[in-house]
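J.: Dropping a structure here in structure tokens format, bear with me for questions.
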Amino acid sequence: MLSKFNQLFPLMAALLSVAAFFSSGFFSAFESSIIPLLGLVMFLMGLNLKTDDFLQIIKEPKPVLVGVALQFVLMPVLALTLSAMLQLSNQLTVGMVLVGCCAGGTASNVICYLAKGELALSISMTLASTLVGVILTPALAAFYLSESVSVDVLGMLLTMLKIVLLPLIIGGALNHFAPAKVATIEFLLPTIAIALILMIISIIVALNAERLTDIGMVTMLAVVLHNVGGLMGGFYISRLFGFDLRRSQTIAIEVGMQNSGLGVALALQYFSATAALPGALFSVWHNISGSLLASHWSKKRSSLEYILQDEIAPTEQ
């Protein structure tokens with residue numbers, strides 16, 4: 001039952017977004033819950049942390065390093081480039097760049113599972129990018145945006161510590177010191193995390209319901225191209241590093257799917273409601289595109305030819 005609920009996550013994200021759009025008054029009343037909900041998602045991620053997750057990074061650092069580097073180099077540059085090409089307003093550009101500077105979202109782990117990707121690598125990348133992002137997100141935001149807007153780097157850093165690092169540490173500590181108790185509810189954690197992410201998406205859409213009708217197709221196009229560019233760049237660049245199909249697909253999902261909820265929270269706290277729009281759109285779109293891609297890759301993986309290719313690095317093909 002829970003597994004079925006988890007698999008329906010992208011569909012529910014789309015349906016709840018529609019509901020939040022038309023019933024924005026109800027969902028927007030929970031605006032103050034966004035930051036606590038994000039903190040809870042990070043706490044649940046901490047509860048899921050195991051020694052093996054850290055050992056995976058140490059044992060095979062190359063795919064994690066390549067993936068995290070792509071996350072924080074490709075995505076912000078793509079955001080800035082697309083914003084300039086499509087001539088987005090200053091505040092929309094801020095929102096695009098904030099999303100690009102965020103770490104991978106926990107939803108990427110769900111999509112990776114549905115795609116039958118390398119789940120251990122997905123979790124390791126999410127963990128690594130989340131930890132690194134505590135410093136890099138405000139630093140990169142300041143680097144790319146300081147010429148056009150004032151960026152409160154220290155304030156953003158403190159927010160990242162509060163929303164991301166502290167809950168992660170608390171969850172990890174509980175799992176370390178009381179593993180037996182955590183193990184009794186471990187099967188529930190992915191479902192609870194999905195439910196929290198769905199709540200965050202609904203609130204974000206509701207808060208931006210009125211502005212969503214005014215942003216035009218150009219902003220939507222920018223968000224779609226940003227996500228698709230991350231997915232394609234993550235896949236093809238990682239292939240150049242010699243990774244097999246399964247590993248490259250996992251990296252692609254991690255690079256293309258951002259913690260856009262965090263981007264929205266930072267935009268609302270430090271910039272404007274308009275700056276939160278790209279993150280709101282990204283929150284919905286990346287789950288749809290990710291699920292479609294996961295379905296495609298999952299079906300292809302069942303073919304014998306694909307299974308054989310799966311094990312061969314591009315340099316050997």
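J.: Do we find that residue 142 is closer than 16 Å to residue 275 by Cα, within 22 Å of the chain's Cα centre (by Cα) and surrounded by fewer than 20 Cβ atoms within 10 Å (Cβ to Cβ) in this structure? Talk me through it step by step, then tell me what you get.
T.: Numbers: closer than 16 Å to residue 275 by Cα: yes; within 22 Å of the chain's Cα centre (by Cα): yes; surrounded by fewer than 20 Cβ atoms within 10 Å (Cβ to Cβ): yes.
Here the answer is yes, as residue 142 does meet what is asked.
J.: Also, quick follow-up: Which members of the stretch 229-254 meet the condition of being in contact with a Gly (Cβ under 7 Å, 6 or more places away or on another chain) and within 25 Å of residue 148 (Cβ to Cβ)?
T.: If the condition is that a residue be in contact with a Gly (Cβ under 7 Å, 6 or more places away or on another chain) and within 25 Å of residue 148 (Cβ to Cβ), then 230 is the only one that fits.
Conditions tested, residue by residue: (1) farther than 29 Å from residue 275 by Cα; (2) touching a Ser or Thr at 6+ places or on another chain (Cβ under 9 Å); (3) exposed (fewer than 15 other Cβ atoms within 10 Å of the Cβ).
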site: 15; (1), (2), (3): no, no, yes
site: 61; (1), (2), (3): yes, no, yes
site: 69; (1), (2), (3): no, no, yes
site: 72; (1), (2), (3): no, yes, no
site: 77; (1), (2), (3): no, no, no
site: 80; (1), (2), (3): no, yes, no
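J.: Out of the stretch 37-87, which residues are charged (D, E, K, R), closer than 24 Å to residue 171 by Cα and not in a helix (DSSP H, G or I)?
T.: We begin by selecting, within the stretch 37-87, every residue charged (D, E, K, R); these are 50, 52-53, 59-60, 62.
Checking which are closer than 24 Å to residue 171 by Cα leaves us with 50, 52-53, 59.
Passing the criteria: only 50.
J.: Same structure, new question: Is it true that residue 21 is of a type outside the set (Val, Ile, Thr), in contact (Cβ under 8 Å) with a residue 60 or more places away in the chain and surrounded by 14 or more Cβ atoms within 10 Å (Cβ to Cβ)? Before the answer, list the steps.
T.: Working: of a type outside the set (Val, Ile, Thr): yes; in contact (Cβ under 8 Å) with a residue 60 or more places away in the chain: yes; surrounded by 14 or more Cβ atoms within 10 Å (Cβ to Cβ): yes.
When the stated conditions are applied, residue 21 passes them.
J.: Restricting to the stretch 162-177, give me the number of residues that are out of contact with any Gly (no Cβ under 8 Å at 6 or more places or on another chain) and exposed (fewer than 15 other Cβ atoms within 10 Å of the Cβ).
T.: Qualifying residue count, the stretch 162-177: 2.
J.: Helices (runs of 4 or more DSSP H) wholly in the stretch 222-317 with at least 3 residues that are at pLDDT below 85, in contact with a Cys (Cβ under 6 Å, 6 or more places away or on another chain) and surrounded by 17 or more Cβ atoms within 10 Å (Cβ to Cβ) - which ones? Full working, then the answer.
T.: Details: elements: 245-256, 260-270, 277-300, 304-310.
Qualifying helices (runs of 4 or more DSSP H): none found.
J.: Quick one: count up the residues across the stretch 155-180 that are more than 23 Å from the chain's Cα centre (by Cα) and part of a helix (DSSP H, G or I). Walk me through it before giving the result.
T.: From the stretch 155-180, those more than 23 Å from the chain's Cα centre (by Cα) are 173-180; that's our starting set.
Checking which are part of a helix (DSSP H, G or I) leaves us with 173-177, 179-180.
Number of matching residues: 7.
J.: Here is a follow-up. Condition test on residue 131, is it part of a helix (DSSP H, G or I), under 22 Å from residue 231 (Cβ atoms) and touching a residue at least 24 places away in the same chain (Cβ under 8 Å)? It would help to see each step written out before you state the result.
T.: Working: part of a helix (DSSP H, G or I): yes; under 22 Å from residue 231 (Cβ atoms): no; touching a residue at least 24 places away in the same chain (Cβ under 8 Å): yes.
Taking the combined requirement at face value, the residue does not satisfy it.
The values are calculated or read from the model by the stated rules, or taken from the named source; none is laboratory data. Keep in mind it's a predicted model, so treat the numbers as computed, not measured. Cβ coordinates were reconstructed from backbone atoms using ideal geometry, including for glycine residues, and neighbour counts include every protein chain displayed.
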